[in-house]
Amino acid sequence: MTAVRRTFGTSIVSGALTLVAFGCSKQATPVSSGGGRGRPNLVLITMDTTRADHLGCYGDRDAATPRLDALARDGVVFDHAFAVAPLTFPSHASMLTGRYPPATGVRDNGDFRLPEAETTLAEHLRAQGYRARASVGSFVLAGELGLAQGFEAYAEPPAPRLAGVADPAVARLERIPQRPAARVADEALTAIDAMKSGPFFLWVHFFDPHSPYTPPPPYAEAFKSRPYDGEIASMDAAIGRIVDGLSAAGVTDRTIVAAIADHGESLGEHGEATHGIYLYDATLHVPLIVRYPAKLRAGSRYAGLVSGVDLAPTLLELMELPPLPAAQGSSVASALVAGSVAEREPVYALGIGEVHRGPRAGGLRGRGRPGRDEEPGERAPRRPCRLAEAPRR
Ligand SMILES: [Zn+2]
């Protein structure tokens, strides 16, 4: 319920959390040429509300995520990936532009819009001759909010029915239209079939792990005591269908598959049921897996710190394409290819409202009370903190 309210509530961005990588080392190996094999395809899978530590490849022995774990064995697992915000729309807007919420203007769900002036990854790839389609699972990411920029097709849930409700915002609070993983995967497979001659960009968004936790059969029965994990398991199976679809289309070797969460889920930690308020690891530490057989070593892990804003810059460099013109994130592609760790600036996460300030003073990663003057793009951070010094959960 908290998440739903946060989803469409009025917001005030009041803070930024600074995270600094530790154990950095320099490297300068450029991403090597692909040798003229043609431009790779890109499949970006965003997993809503998915904690890293609920996947097998992140150490959860009880996880039922065989397909994501297989993707991890075939690709690179990022150990320290962080969302820019514990909220769906801001996090996605930043991943798809490489820019932080104060730059995109998308600081919360619902009442915000990604401006036309922003250059999305889809727009950028279309300008490079790519085809681009999207299949999203939730109305939170409705195309009308600006995320459809650049896509030739944008499959999404229908807008909520507002009949009998005077205030649209209130109507949206009642229920977020969404589509199950199986349906989203069906459309993704259709898109792969339509675009397989390439090069193409496909963005697939799964909303299933978001509350309420109501996995479909057979996961409902198998995960009766932990339905959140049942939702993740259901999503995992759908992701497996997409991976299989790429294989059936014969494009695995020339397709980058990147799977990342927009944020995690608190599951009661720190007194937060879902997500959207606090800036703890529970909602900020996200899984990130990238598979690209042509360049990335299978079964490797990346120890450096990365943010959602680094995703698009990194993918574009791996694809040997020009960078997004105004991205604030940094590519770590060279380090990935070299098997090293990129040196980088601090990354930020932004919360909403006033309430997260108290817990920050009580042991969050970050020191002191954050303020607007610490938001990236406005002023440089003054009080960075080292993750290694931060208390564990
Ligand atoms: Zn989300």
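The values are calculated or read from the model by the stated rules, or taken from the named source; none is laboratory data. Owing to the predicted nature of the structure, the values given are computational and were not obtained by experimental measurement. With ideal geometry, Cβ positions are generated from the backbone for all residues, glycine too; neighbour counts draw on all protein chains shown.
Filtering segment 57-93 to residues that are more than 17 Å from the chain's Cα centre (by Cα) and of a type in the set (S, T, Y) leaves only T65. Evaluation of G230 against the conditions (1) buried (at least 17 other Cβ atoms within 10 Å of the Cβ); (2) over 10 Å from A64 (Cβ atoms) shows that the sole unmet condition is (2). When segment 197-221 is filtered for residues that are more than 16 Å from the ligand (Cβ to nearest atom) and surrounded by 15 or more Cβ atoms within 10 Å (Cβ to Cβ), the ones remaining, listed by number, are G198, P199, F200, F201, L202, P215, Y219, A220. Whether a residue is closer than 25 Å to A194 by Cα, crowded, with 24+ Cβ neighbours inside 10 Å, touching a strand residue (DSSP E or B) at 6+ places or on another chain (Cβ under 8 Å) and modelled with pLDDT of 90 or more was assessed, and T255 passes this test.
Listed by first and then second residue, the pairs with beta-carbon distance under 6 Å, at least 6 apart or on different chains, first residue in segment 40-55 and within 17 Å of G308 (Cβ to Cβ), second acidic (D, E) and within 14 Å of the ligand (Cβ to nearest atom), are T46/D262; D48/D262; T49/E265; R51/E265. Restricting the search to helices (runs of 4 or more DSSP H) fully inside segment 61-146 and requiring at least 2 residues that are within 16 Å of the ligand (Cβ to nearest atom) gives 88-95, 101-104. Quickly run through segment 147-167 and pick out the residues that are more than 16 Å from the ligand (Cβ to nearest atom), among the charged types (D, E, K, R) and modelled with pLDDT under 95. If the condition is that a residue be more than 16 Å from the ligand (Cβ to nearest atom), among the charged types (D, E, K, R) and modelled with pLDDT under 95, then R161, D167 are the ones that fit. Going by the conditions given, is S225 more than 17 Å from P66 (Cβ to Cβ), away from the ligand (no atom under 16 Å from the Cβ) and not aliphatic (A, V, I, L, M)? Here the answer is yes, as S225 does meet what is asked.
Out of S211, S234, S225, S197, one residue alone is touching a residue at least 40 places away in the same chain (Cβ under 8 Å), among the hydroxyl-bearing types (S, T, Y) and not in a helix (DSSP H, G or I). It is S211. The residues on offer are A237, A185, and the sole one that is within 18 Å of the chain's Cα centre (by Cα), under 14 Å from M47 (Cα atoms), away from the ligand (no atom under 16 Å from the Cβ) and among the small types (G, A, S) is A185.
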